[in-house]
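The values are calculated or read from the model by the stated rules, or taken from the named source; none is laboratory data. Only a predicted model underlies this, so the values are computations on that prediction, with no experimental measurement involved. Backbone-built Cβ (ideal geometry, glycine too); neighbour counts: all protein chains shown.
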Amino acid sequence: MTVFGGNIFGVLRIICSIAGGIFFINVGIMHFTDTSWFEPIVPPFLGSATFWVLASGVIEIIVGLGLIIPKTREISGFASAILLIVLYPANLYMWIGDIELGDGASLSPTGHVIRLLFQIGGIMLSLWIAGWSRDKSIFDLTQQFIQFRK
């Protein structure tokens, strides 16, 4: 099926990439404009919560820009999947410790389950944006990264 002269899935991939990019950029900026909102969910063993909030904000902005730029879209899809996996422990810490965000808000147990499902969906969507499929191996990912660097 074609839409606007292109494959519908290709068009959907572009739309999802841009929407995901805008989402990551927005959240990344929030890490700088409202740092104290994110700080409570940084596990204490990591050290300075402010450092980790700002560092993750920078990474989220970079990944977001990468999802929007066509040349970097695929590798950024993989990067966003990895980012969602790496950042989930903060959400898990918030869930297990019943930690409130900087504004005093917290999620119910059902809210945490919904958040987990969205996180899994985000990882799957990121891999789809990257062009990943079940029949690809880690070797294919390595080859794709090498091609990107050329």
- Task: From Ile8, Ile29, grab the single residue that is in contact with a strand residue (DSSP E or B) (Cβ under 8 Å, 6 or more places away or on another chain), over 16 Å from Gly122 (Cα atoms), loosely packed, with under 15 Cβ neighbours inside 10 Å and free of Cβ contacts under 8 Å to residues at least 40 places away in the same chain.
- Result: Ile8
- Note on the structure: Selection over the range 92-107 where residues are among the polar types (S, T, N, Q) and modelled with pLDDT of 90 or more yields a count of 0
